[in-house]
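A quick write-up on the structure given underneath.
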Amino acid sequence: MKGISQCFLAWFIAGAAVAQPTQVVVPNGLATVEGNSSTSEPFTSQSFRFQQVFDASQFAFLGTTNIARIDGISFRIDGASTQNVSMSFGGSAAVLSTTPRSPDSLSPVFADNRGLDAVTVWNGGLAVGGVARPGVMPQDWPFAGTIPTTAAFYYAPTMGNLILELAGVDGLAFRPGAMDGQSTMGDSISWVFANSNLTPSGTPSTFGLVTRFDVTVIPEPTISALALIGLALLTILKRR
């Protein structure tokens, strides 16, 4: 087992040398364009639960061999905002998984949409909002409000569509406001929403929040990385 662990360590060292942090906005076409819709829910509710699906095509920049470790998730305030937005929850949980479900085809039953590879990537307080810049569309991404991931979830488009489940309790809207979204049948996002964190089901809608993912792209092992793994294996074999 020690030899196997050393081999995997060599692989991760080789991969870490070329891993690159980047950001992707879904839908991709709204990275610098305001969405056609907005919502003050769920973040003005005392508690909520929603699942939002993201079509795998939105992560095409990964190609067919790279994978992405998702490091953070954030939303932006609506472009019509004229004042700062600040909303918080005493407790929250964020879960990422793959799903065979596609946008506009989510089940109202949350359990039906979650994949077998589900990982709870965040569990704790949640702050959402941003500093409004009147007349700026879209608004800048918030200086705070990104959901950090404290557990690793690795994603590749070949695995299927990505789904985020987010729930919050003990909500308090210090400065309520709307978040930017898109409501278009047949696009790359949609959600199921409920005004309670305890409910097993919600209401499906073609709406979805414009979402930014902070990711670290981990390429397929290169020739040099494979050579490093080979050297590690030889070292392990010589020590036996």
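How would you classify the range 133-202 from its alpha-carbon gyration tensor, with a ≥ b ≥ c the square roots of the eigenvalues: rounded for a/c under 1.5, else prolate if a/b is greater than b/c, otherwise oblate?
Rounded, since a/c falls under 1.5.
So if I take the centroid of the Cα atoms in the range 91-153 and the same for the range 49-77, what is the distance between those two points in Å?
About 10 Å separates the Cα centre of the range 91-153 from the one of the range 49-77.
Going by how many other Cβ atoms sit within 10 Å of their own, how do Ile147, Ile189 line up, fewest first?
Fewest-to-most ranking of Ile147, Ile189: Ile147, Ile189.
Which FRET efficiency value, to the nearest 0.05, do you get for Leu198 and Gln20 by plugging their Cβ-Cβ distance into 1/(1 + (r/R0)^6) with R0 = 41 Å?
Result of the calculation: an efficiency of 0.55.
Is the range 20-218 rounded, prolate or oblate when judged by the Cα gyration tensor, a ≥ b ≥ c being the square roots of its eigenvalues, rounded requiring a/c under 1.5 and prolate requiring a/b larger than b/c?
Rounded is the answer for the range 20-218, as its axis ratio a/c remains below 1.5.
Report the paramagnetic label zone for Leu116: residues of the range 85-108 whose backbone N is under 14 Å from a point 7 Å from Cα along the Cα-to-Cβ axis.
So the set is 98-100.
Where does each of Val169, Val121, Val109 land when they are ranked from fewest to most other beta-carbon atoms within 10 angstrom?
Val109, Val169, Val121
In a shell of Cβ-Cβ distance under 12 Å around Ser105, excluding Ser105 itself, what net charge do Lys and Arg (+1) and Asp and Glu (-1) give?
With Lys, Arg at +1 and Asp, Glu at -1, the neighbours total -2.
A short reminder: the numbers here are calculations on the coordinates, not readings from a lab. Not measured: the values here are computed from a predicted model. Cβ sites come from the backbone with ideal geometry, for glycine too, and all protein chains shown count toward neighbours.
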